[in-house]
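Novice: First the structure, then my questions, so here it is.
Read-outs: derived from the displayed coordinates by stated rules, not from any lab. Because the structure is predicted, anything quoted here is derived from the model rather than measured. Using ideal geometry, Cβ is built from the backbone for each residue, glycine included, and neighbour counts are taken over all protein chains shown.
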Amino acid sequence: MNESFKKRQLLFMLQLVIGAAIIYLLHIYLLSSLMPEREFIIPLWNVYMFHTISVLIVYSIINFRFSNGKTEVFNPFILLMILKMILVIVFLLPLFLSDAPNKVGDAVNFFIPYFVFLAFEVYSINQFLTAE
């Protein structure tokens, strides 16, 4: 494996795991203090695992392609985002199909971290776009 690939991958994984842990703990704290009695259909740890794994997979694919000399990263990134959105729909399908009276809280619990992780992902992948 390419040393630059390993170095970028390790640094990204470290930033992702530490950032996800901090955001997760902050999210848990806010939920426990603002809505202590509320139960959600999709557990919060599942949401954060989904986001962490999906961001890691997208970054790893882009990093691997870039390390092998393929500097065109925009099209694969867009294709991976479409695939990720399909996976989001599949992940949220139990919520959509449930008879829960208030699904908005679960949707907010999913999409606020989604956009935070997306911002981090775009920021991290931007280094490949500016490296040319």
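Novice: In percent, how large is the relative contact order of the chain, given Cα pairs closer than 8 Å and 6 or more residues apart?
Specialist: 36 percent
Novice: Now a separate question. Evaluate the charge dipole of region 3-130 about its Cα centre and quote only its size in Debye, nearest 20, assuming +1 on the Cβ of each Lys and Arg and -1 on the Cβ of each Asp and Glu.
Specialist: Values: 8 positive and 7 negative charges, 97 e Å.
Using Cβ point charges on Lys, Arg, Asp and Glu, region 3-130 gives about 460 debye.
Novice: Spin-label point model (7 Å from Cα, Cβ direction): what's the ASN102 to ILE57 distance in nm?
Specialist: 3.2 nm
Novice: Looking at the chain as a GNM with Cα springs under 10 Å, which of GLY105, GLY19, GLY69 has the largest mean-square fluctuation?
Specialist: Sorting by GNM fluctuation, first place goes to GLY69.
Novice: Report the label-to-label distance for LYS7 and LEU95 in nanometres (one decimal), using points 7 Å from each Cα along the Cα→Cβ vector.
Specialist: So the two model labels end up 3.9 nm from each other.
Novice: At 0.36 nm per residue, and after removing the present C-alpha to C-alpha distance, how many nm does the segment from PHE74 to PHE111 gain when stretched out fully?
Specialist: Answer, rounded to one decimal: 11.0 nm.
Novice: Can you return the lysines within cross-link range of LYS6? Criterion is Cα-Cα under 27 Å, with same-chain partners fewer than 8 residues away left out.
Specialist: Partners found: LYS70, LYS84.
Novice: Work out how much length ILE86 to LEU14 would gain on full extension: take 0.36 nm times their residue separation and subtract the Cα-Cα distance, in nm to one decimal.
Specialist: In short, 23.2 nm is gained.
Novice: Another question, if that's okay. To the nearest Å, what is the center-to-center distance of region 91-121 and region 1-36, using C-alpha atoms only?
Specialist: 18 Å
Novice: Report the extension gain between ALA21 and ASN46 in nm, rounded to one decimal, defined as 0.36 nm multiplied by the number of residues separating them, less their alpha carbon distance.
Specialist: Numbers: separation 25, 0.36 × 25 = 9.00 nm, distance 1.29 nm.
This chain segment gains 7.7 nm when fully extended.
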